[in-house]
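The values are calculated or read from the model by the stated rules, or taken from the named source; none is laboratory data. The structure presented is a predicted model; accordingly, all values stated were derived computationally and were not measured. Note that we place each Cβ from the backbone using ideal geometry, even for glycine, and neighbour counts take in every protein chain shown. Please note that ligands, DNA and RNA were not included when accessible areas were found on the heavy atoms of the full protein model with its side chains. Shrake-Rupley method; radii C 1.70, N 1.55, O 1.52, S 1.80 Å.
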Amino acid sequence: MSVRHFLSLMDCTPQELASLIRRGIELKDLRKRSVLYEPLKNRVLGMIFEKASTRTRVSFEAGMIQLGGQAIFLSPRDTQLGRGEPISDSAIVMSSMLDAIMIRTFAHQNVLDFAANSQVPVINGLTDDLHPCQLLADMQTFHEHRGSIQGKTVAWVGDGNNMCNTYAQAAVQFDFQLKVACPQGYEPKQEFLDLAQGRVTVLRDPQEAVAGAHLVSTDVWASMGQEEEAAARMQRFAPYQVSRALLDHAASDVLFMHCLPAHRGEEISVDLLDDPRSVAWDQAENRLHAQKALLEFLVEHAYPA
């Protein structure tokens, strides 16, 4: 059995990522037409959640069921992971019983360690460093509305967090320019800037970053695990709210995205998700379709007919 994991966008070639986007669109069409398609019948996905989630859980669980398989929700309260069992031991045992595993956790090293000891595909459902599944949905959404993102300009406004890091990887894999507007000290990790090889520009002025952009994206100012920093972050990021007026500085056909949940009145203006330039709801739905394409790709590669 040949096993491939999806721990970051760099685990696929640009051609494979483009194929996943096309396949996500095809699977979306099948669902819209109520066509039954169950290539993963009798396959079981284990879903490990050390961080809470709405979109990740619903999309993976529903997606696996729609593909004919089943999904098992595993929280630290329900497993020995919450009682100190080594990640390597858990990976060995779980992967002997499951056909694929999705893990949503804090330290990125946890995902790397789990995958290193797993005999089945492991999917990164989010870590403090990266959120590659969300970027699949984002790229599918842009493609549906505007076609290829190659050669376009993307602006990220706000915290240089896991989403921003992953956008830096996406700039490499999908060949676009990324302009990041963030306060001093909140830049994306240097390793991802180095990887981008000049495709990422870090700025302080949101208007400068958004100018001419074809896609503008943001995220909450305080992510899970940063609750104690929330008050300080609110003050530091106040000039970085994305509003309708800020979008007016972008390209005339700009799209706005937010990975959700959104804090209206903080990182976005109260009315922004209602703006016709916002595709956040399409983006959220596409988590389902892009991840179904990913599950099909990884499981069928691991278990060829």
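The accessible surface of the stretch 132-284, taken with every protein chain in place and a 1.4 Å probe, is 47 percent carbon and sulfur.
Remark: the chain carries 42 Å² of accessible area per residue (probe radius 1.4 Å; ligands, DNA and RNA excluded). Taken over the stretch 61-174, the alpha-carbon convex hull comes to 135 cubic angstrom per residue.
Shown here for the stretch 166-205: trypsin sites (Lys or Arg not before Pro) in loop regions (DSSP other than H, G, I, E, B) with at most 14 other Cβ atoms within 10 Å, namely Arg204. Restricting the calculation to alpha carbons of the stretch 1-140 gives Rg and Dmax of 14.9, 46 angstrom.
Pairs exceeding 29 Å between alpha-carbon atoms, taken from Lys41/Lys152; Lys51/Lys152; Lys32/Lys189; Lys28/Lys51; Lys32/Lys179; Lys51/Lys292: Lys41/Lys152; Lys51/Lys152; Lys32/Lys189; Lys32/Lys179. Is the shape of the stretch 132-284 best called rounded, prolate or oblate, per the rule: a/c under 1.5 gives rounded, else a/b larger than b/c gives prolate, else oblate, with a ≥ b ≥ c the square roots of the Cα gyration tensor eigenvalues? In terms of gyration-tensor shape, rounded. Amide hydrogen proximity for Val202: with H placed 1.01 Å from N in the peptide plane, the residues at 5 or more positions away or on another chain lying under 5 Å are Val180. With only Cα atoms counted, the chain has Rg and Dmax values of 18.9, 56 Å. Amide H to amide H distances under 5 Å link Leu126 with Thr105, where only residues 5 or more positions off or on other chains count and H is placed in the peptide plane.
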